[in-house]
Structure formats: C-alpha cells, structure tokens
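Asker: Quick one: structure below, then a few questions.
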Amino acid sequence: MPAPSPKAQLVLRAAAAALVACFLVLAVRHVYGQDATYDERFYFGAGRTILRDGTWEGVILLHPPLSYYVASLPLLGTTGALSANDPRQLLLGRLATLLVFGVPLLLTVRAWAQRLYGPAAGLFALALAAFSPTLLAHAP
C-alpha cells in the first residue's frame with residue numbers, strides 16, 4: 001500500500017486530533033458534577049500523601065499504587081486537607097487519570113490498527129474507541 005500524500009497525512013492527523021478532542025470533551029462532560037464512587041473516598045489523595053510523607057503507613061491499599069499516584073498528580077501542589085467531597089479536586093484527579101491512561105490508549109489503538117491495515121483503518125479504530133461507551137465511562 002503506498003504511503004499517503006503529505007496533504008492526506010495532514011488531514012488524517014487533524015481528524016485524529018479531532019476524535020481525541022471529542023473523547024476528552026465527552027469524558028469530562030460525563031464525569032463533571034458526579035459524586036465520588038464508593039471506593040474513591042478511601043484512596044483519594046493517597047498518592048499525594050505517599051509522595052509527601054515518603055511512607056505507605058496509614059494508606060489503605062485497595063489496588064496497585066500507580067493509580068494512586070496518577071489521580072493525585074494535580075493535587076501535589078495543594079496544601080491542606082483533601083476531600084473527595086470537593087468537586088474541583090475530584091474532577092482534577094479524574095482528568096489526570098483520563099489524560100494519563102485514556103488518551104494514550106486511544107493513540108495506541110490507532111497506531112496498532114494503522115500498522116496492521118493502513119491509515120484509514122487506524123482512523124476508523126480511533127473513532128470506534130473514542131466513542132466507546134465503556135472507555136468513556138471508565139477512562140476517567
């Protein structure tokens with residue numbers, strides 16, 4: 001299969017960027033204003049506490065630690081008490097998770113399909129992933 005022309009490559013990249021932007025908008029719209037899930041209250045801000053104090057003591061470990069750190073990235077510069085009841089803090093934690101796990105997943109799906117079947121298939125696979133209800137619900 002011949003490589004697409006530079007103009008076609010630009011169009012494909014712009015379409016891919018638009019699909020990723022749609023995914024982000026839909027995912028943020030989905031989580032905006034939602035309350036914390038039943039288990040988020042137990043580990044909200046745990047990554048910040050672990051990094052700040054340098055110890056795992058007093059932290060409830062319900063699953064592997066990477067998600068603790070990622071969800072706490074926007075909270076590292078904050079001082080004072082953390083609360084999953086604060087909608088701004090909760091939204092920031094969910095956005096960090098979305099950007100660290102959701103967007104790279106979409107780009108991986110596109111790259112994989114593109115490598116196997118070509119640029120159009122990569123864009124189609126990206127569109128399917130970007131509008132997947134399961135990914136939109138669970139990425140953040």
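The values are calculated or read from the model by the stated rules, or taken from the named source; none is laboratory data. Quick caveat: nothing in here was measured; it's all calculated off a predicted structure. Reconstructed Cβ throughout: ideal geometry from the backbone, glycine too, with neighbour counts over all protein chains shown. These area figures cover heavy atoms from the full protein model, side chains too; ligands, DNA and RNA do not enter into them. Shrake-Rupley method; radii C 1.70, N 1.55, O 1.52, S 1.80 Å.
Asker: Report the one residue of Gln114, Gly54, Pro64 whose Cα lies farthest in the direction of the positive end of the charge dipole of region 47-140 (charges on C-beta: Lys and Arg +1, Asp and Glu -1; origin at the Cα centre).
Answerer: Going by the charge dipole, the pick is Gln114.
Asker: If each DSSP helix of 4+ residues adds -39,500 (n - 2.57) and the sum is divided by the residues in the chain, what number results at 222 nm, nearest 500 deg cm²/dmol?
Answerer: Values: 8 runs with 89 residues, N = 140.
Result for the chain: -19500 deg cm²/dmol, rounded to the nearest 500.
Asker: Further question: Relative to the longest principal axis of the C-alpha atoms of the chain, give the angle of the C-alpha long axis of helix 6-31, reported between 0 and 90° and rounded to the nearest 10°.
Answerer: Relative to the chain, helix 6-31 is tipped by roughly 30 degrees.
Asker: Ok, one more. Work out the FRET efficiency for Gln9 and Ser132 from their Cβ-Cβ distance, taking R0 = 35 Å, and round it to the nearest 0.05.
Answerer: Values: r = 25 Å, r/R0 = 0.72.
About 0.90, to the nearest 0.05.
Asker: What fraction, in whole percent, of alpha-carbon pairs in the chain exceed 19 Å separation? All intermediate terms of the calculation are to be shown ahead of the outcome.
Answerer: On the way: 5522 of 9730 pairs.
The share of Cα pairs beyond 19 Å in the chain comes to 57 percent.
Asker: Order His30, His138, His63, most accessible first, counting only protein heavy atoms with a 1.4 angstrom probe. List each step's numbers first, then the result.
Answerer: Working: His30 80, His138 145, His63 60 Å².
These residues rank, largest area first, as His138, His30, His63.
Asker: Tell me the angle of helix 119-130 to the major Cα principal axis of the chain, expressed in degrees between 0 and 90 and rounded to the nearest ten.
Answerer: The answer is roughly 30 degrees.
Asker: Taking Cα atoms, how many degrees apart are the long axis of helix 87-97 and the longest axis of the chain, rounded to 10 and kept between 0 and 90?
Answerer: Here the helix axis deviates by roughly 50 degrees.
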